[in-house]
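> Dumping the structure here so I can ask a few things about it.
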Amino acid sequence: MKMHRPETRLERGEYLARTREYCLRGEQLPQSKLTDADIEDIRSAARQRESLRAHIKNNLTNEALAKKYGVHLRTIDRVTSNKSWWHV
């Protein structure tokens, strides 16, 4: 596969500014292992991961649990490490 060359000759500065137009990218490269669909899946998974991190930070941290149950943060720490309420 040959690179696309402009039909008219460009000045050096303009050519350098537009070099990305003439480069092979993504799936066009012979060594590429990913497809455009793979990239969309990866980016979607990353967005979901960030959404889950935000949910965990806002709802499932020890600080969030302490606020939810109206107890001190250390109480939650002790419960989760089985130092108190170990019998449950």
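> Against the definition (modelled with pLDDT under 95 and small (Gly, Ala, Ser)), how does SER44 come out, yes or no?
No, not satisfied.
> For the chain, which fully contained helices (runs of 4 or more DSSP H) count at least 3 residues that are of a type in the set (Gly, Ala, Ser)?
So the answer is 36-59.
> Which of the residues spanning the range 62-88 are of a type in the set (S, T, N, Q) and surrounded by 12 or more Cβ atoms within 10 Å (Cβ to Cβ)?
ASN62, THR75, THR80, SER84
> For the range 43-61, name all the residues that are farther than 27 Å from SER81 by Cα and surrounded by 11 or more Cβ atoms within 10 Å (Cβ to Cβ).
Answer for the range 43-61, where residues must be farther than 27 Å from SER81 by Cα and surrounded by 11 or more Cβ atoms within 10 Å (Cβ to Cβ): there is none.
> In the range 44-64, what residues are under 30 Å from ARG74 (Cβ atoms), within 19 Å of the chain's Cα centre (by Cα) and of a type in the set (A, V, I, L, M, F, W, C)?
LEU52, ALA54, ILE56
The values are calculated or read from the model by the stated rules, or taken from the named source; none is laboratory data. As the structure is a computational prediction, the values presented were derived from the model and not from experiment. Neighbour counts are summed over all protein chains in view; Cβ atoms, including those assigned to glycine, are modelled from backbone coordinates with ideal geometry.
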